[in-house]
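> Before anything else, here's the structure in question.
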Amino acid sequence: MTESVSPPSVVPPQTTDKPTEKPKPRWGVIVIWTAIVGLLVVLGFGLLNANAPRPEVGQPAPTFEMEFFDGYEWQSKSIADLEELQGKVVVLNFWASWCVECRVEADLLEQASRMYRDDVVFLGIAYVDVEPESLKYLEEFDVTYPNAPDLGTRISRDYEITGVPETFIIDRQGTIADVVIGPVSERRLFGMLDQLVAQEG
C-alpha cells in the first residue's frame, strides 16, 4: 500500500500596510557632484581666459580705473583712470609682496619714477596680495609712486599677465610700447623711457 504524499504548503507573502519609504538623498554624492561641476566651471573660465588675446606691443593698452592704497595719490587724486593719462608715458608694473624677483627691480623703479617725475607716470598693481603685506613692501622700498590693489584680479586679467613681476610701458597715445616679463633692467627701462619721452604727443 503506497502512502500519499501531500504537496508542500505554500505560505502566501505577508503584506504590510506601511507606505513605501522614499530613498533618502545621498548628501555625500550631492556634495561631490556639486564640487565637480564647480571645478569644471572654473576650468572653463580659465580656458576662455587663456585663449583671450594678450595685449602686445603696438596694441592699445586696456583701459582701467584703479583706487590707490591710502597715502598714495597722483596729482592730488586717489584714483587713476588710464584714459585720462593719455598724453603721458605710463609705466604699469605688476608686483606682489611675496614675489622674490619683484624685490630685484623695486629700487630701480622707484629711482626711475623720481628721475622721470615730470614726464612719466609710474603705477604699481599689487597682484593677489593682502593689503598689510603690500603696504609693508612699499614702505620697505620707500616707494613713493601710486600703487593699488588689484581687487578680483580684474586689471591683471585684462592684461593677461603671466606672473609677477611684469611691466607694461605705454606711450603717449595709449599704445603698448614694451612688455617686460620678469625684473626690468636699468638699460631697457631708461632706454625705452628716453625714447618715448622724446617723442611728441
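The values are calculated or read from the model by the stated rules, or taken from the named source; none is laboratory data. Since the structure is predicted, the reported quantities are computational estimates derived from the model, not experimental observations. We place every Cβ from the backbone using ideal geometry, glycine too, and count neighbours over all the protein chains shown. The accessibility values were calculated without ligands, DNA or RNA, using every heavy atom of the protein model including side chains. Shrake-Rupley method; radii C 1.70, N 1.55, O 1.52, S 1.80 Å.
> Would you tally the residues in region 190-201 being without any contact (Cβ under 8 Å) to a residue 60 or more places away in the chain and surrounded by 14 or more Cβ atoms within 10 Å (Cβ to Cβ)?
We begin by selecting, within region 190-201, every residue without any contact (Cβ under 8 Å) to a residue 60 or more places away in the chain; these are 191-192, 194-195, 198-200.
When the remaining residues are screened for being surrounded by 14 or more Cβ atoms within 10 Å (Cβ to Cβ), the result is 192, 195.
Here the count works out to 2.
> Same structure, new question: Select from region 95-104 the residues that are touching a residue at least 12 places away in the same chain (Cβ under 8 Å), in a loop (DSSP other than H, G, I, E, B) and of a type outside the set (F, W, Y) and write down the one among them that is farthest from F64 (Cα to Cα). Steps first, answer last, please.
So the first thing to find is which residues in region 95-104 are touching a residue at least 12 places away in the same chain (Cβ under 8 Å), and the list is 95-99, 101-104.
In the following step, the residues that additionally are in a loop (DSSP other than H, G, I, E, B) were identified as 96-99, 101.
Next, only the ones that are of a type outside the set (F, W, Y) stay: 96-97, 99, 101.
Values: A96: 19, S97: 22, C99: 23, E101: 25 Å.
For region 95-104, the residue satisfying everything is E101.
> Still on this structure: Of the residues F69, F122, F64, only one is open to solvent by less than 40 Å² (accessible area, probe 1.4 Å), touching a Lys or Arg at 6+ places or on another chain (Cβ under 8 Å) and touching a residue at least 24 places away in the same chain (Cβ under 8 Å); which?
On the way: F69 fails: touching a Lys or Arg at 6+ places or on another chain (Cβ under 8 Å); F122 fails: touching a Lys or Arg at 6+ places or on another chain (Cβ under 8 Å).
After applying the criteria, what remains is F64.
> Could you list, in sequence order, the residues of region 91-110 that are open to solvent by less than 90 Å² (accessible area, probe 1.4 Å), of a type outside the set (D, E, K, R) and closer than 16 Å to Y137 by Cα?
N93, F94, W95, A96, S97, C99, C102, A106, L108, L109
> Which of (1) open to solvent by 30 Å² or more (accessible area, probe 1.4 Å); (2) part of a loop (DSSP other than H, G, I, E, B) is the odd one out, the single condition R187 does not satisfy?
Against the list (1) open to solvent by 30 Å² or more (accessible area, probe 1.4 Å); (2) part of a loop (DSSP other than H, G, I, E, B), R187 comes up short only on (2).
> So which of D142, D158, D107 ends up being in contact (Cβ under 8 Å) with a residue 12 or more places away in the chain and assigned to a loop (DSSP other than H, G, I, E, B)? Reasoning before the result, please.
Values: D158 fails: assigned to a loop (DSSP other than H, G, I, E, B); D107 fails: assigned to a loop (DSSP other than H, G, I, E, B).
Residue meeting the stated conditions: D142.
> Could you list, in sequence order, all residues of region 154-181 that are polar (S, T, N, Q) and open to solvent by less than 40 Å² (accessible area, probe 1.4 Å)? Spell out the reasoning first.
Kept after step one, since they are polar (S, T, N, Q), are these residues of region 154-181: 156, 162, 167, 173, 175.
Matches in region 154-181: S156, T167, T175.
> Being closer than 20 Å to E160 by Cα and assigned to a strand (DSSP E or B): is that true of V90 here?
Working: closer than 20 Å to E160 by Cα: yes; assigned to a strand (DSSP E or B): yes.
Answer is yes for this residue.
> Let me ask you something else. Which of the residues that make up region 129-147 are of a type in the set (A, V, I, L, M) and over 18 Å from E105 (Cα atoms)? Break it down stepwise before answering.
Keep residues of region 129-147 that are of a type in the set (A, V, I, L, M), which gives 130, 135, 138, 143.
Scanning region 129-147 gives a single hit, V130.
> When you go through (1) of a type in the set (G, A, S); (2) farther than 19 Å from L189 by Cβ; (3) in contact with a strand residue (DSSP E or B) (Cβ under 9 Å, 6 or more places away or on another chain) one by one for G152, which number turns out not to apply?
Of the numbered conditions (1) of a type in the set (G, A, S); (2) farther than 19 Å from L189 by Cβ; (3) in contact with a strand residue (DSSP E or B) (Cβ under 9 Å, 6 or more places away or on another chain), the odd one out for G152 is (3).
> Whether any residue in region 130-152 is open to solvent by 40 Å² or more (accessible area, probe 1.4 Å), at pLDDT 95 or above, on the phi > 0 side of the Ramachandran plot and out of contact with any Gly (no Cβ under 7 Å at 6 or more places or on another chain) is what I want to check.
So far as region 130-152 goes, yes, one or more of its residues are open to solvent by 40 Å² or more (accessible area, probe 1.4 Å), at pLDDT 95 or above, on the phi > 0 side of the Ramachandran plot and out of contact with any Gly (no Cβ under 7 Å at 6 or more places or on another chain).
> Something else now. Tell me yes or no: at least one residue of region 26-34 is open to solvent by less than 30 Å² (accessible area, probe 1.4 Å) and at pLDDT below 95. Walk me through it before giving the result.
Kept after step one, since they are open to solvent by less than 30 Å² (accessible area, probe 1.4 Å), are these residues of region 26-34: none.
No, that holds for no residue.
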